[in-house]
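Okay, structure first, notes after.
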Amino acid sequence: SSKTFWTTTGMFPQELIIGFPKCVKISKIAIQCYLVQTLRIEKSTSEDPVDFEQCIEKDLQHREGQLQMEEFPLPEFQATYLRFIIKSAFDHFVSVHRVMAEGT
C-alpha cells in the first residue's frame, strides 16, 4: 500500500530483510524511500537469512520533500533473501515506502 511505510529508529546502520518462498531469479530491484543517503543491497540463497553477499552499494541523491525512486538493474542472480542496509541518511529518520524485485 502506498499509504504504509517502514521507518528507521534513528541510528545507523538499519536493515530490512525480505524473504521469498523459494529461491528466485532477480534481474532488477527498485526502491522508493525518503532521506536515504547510502544504501547497500545484499542477497542470500540460504534457507535461512544468513551468508549474505553484496549486490550493490550506492549513494542516493537527496530530493528535498520528495521520495527517492531508485532502480538497480543488475546481472540476473538468484536469491532467497534480500537485505537492504541503510548505512547513512540525510536526517535522523528515514522511510522505505516500496521495494520491488523483478525476475522469475
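The values are calculated or read from the model by the stated rules, or taken from the named source; none is laboratory data. This structure is a prediction, so every number in the text was calculated from the model and none was measured. Methodologically, a virtual Cβ is constructed for each residue, glycine included, from the backbone with ideal geometry; neighbour enumeration extends over all protein chains shown. Heavy atoms of the whole protein, side chains included, go into the accessibility calculation; ligands, DNA and RNA do not. Shrake-Rupley method; radii C 1.70, N 1.55, O 1.52, S 1.80 Å.
Examine segment 34-47 for a residue that is free of Cβ contacts under 8 Å to residues at least 60 places away in the same chain, more than 16 Å from residue 7 (Cβ to Cβ), open to solvent by 40 Å² or more (accessible area, probe 1.4 Å) and not in a strand (DSSP E or B), and state whether such a residue exists. Yes: one or more hits.
State all residues of segment 53-80 that are in contact with an Asp or Glu (Cβ under 8 Å, 6 or more places away or on another chain), in a strand (DSSP E or B) and not basic (Lys, Arg); if no residue qualifies, say none. Selection gives 53, 54, 55, 80.
Of all residues in segment 6-28, none that is more than 16 Å from residue 91 (Cα to Cα) and aromatic (Phe, Trp, Tyr) has its Cβ atom under 7 Å from the Cβ atom of a residue that is at pLDDT below 95 and open to solvent by 40 Å² or more (accessible area, probe 1.4 Å), 6 or more apart or on another chain.
Of all residues in segment 1-26, those that are among the polar types (S, T, N, Q) and surrounded by 14 or more Cβ atoms within 10 Å (Cβ to Cβ) total 2.
If you filter segment 64-78 down to residues that are within 16 Å of the chain's Cα centre (by Cα) and under 16 Å from residue 34 (Cβ atoms), you find that the one that is most open to solvent (accessible area, probe 1.4 Å) is 69.
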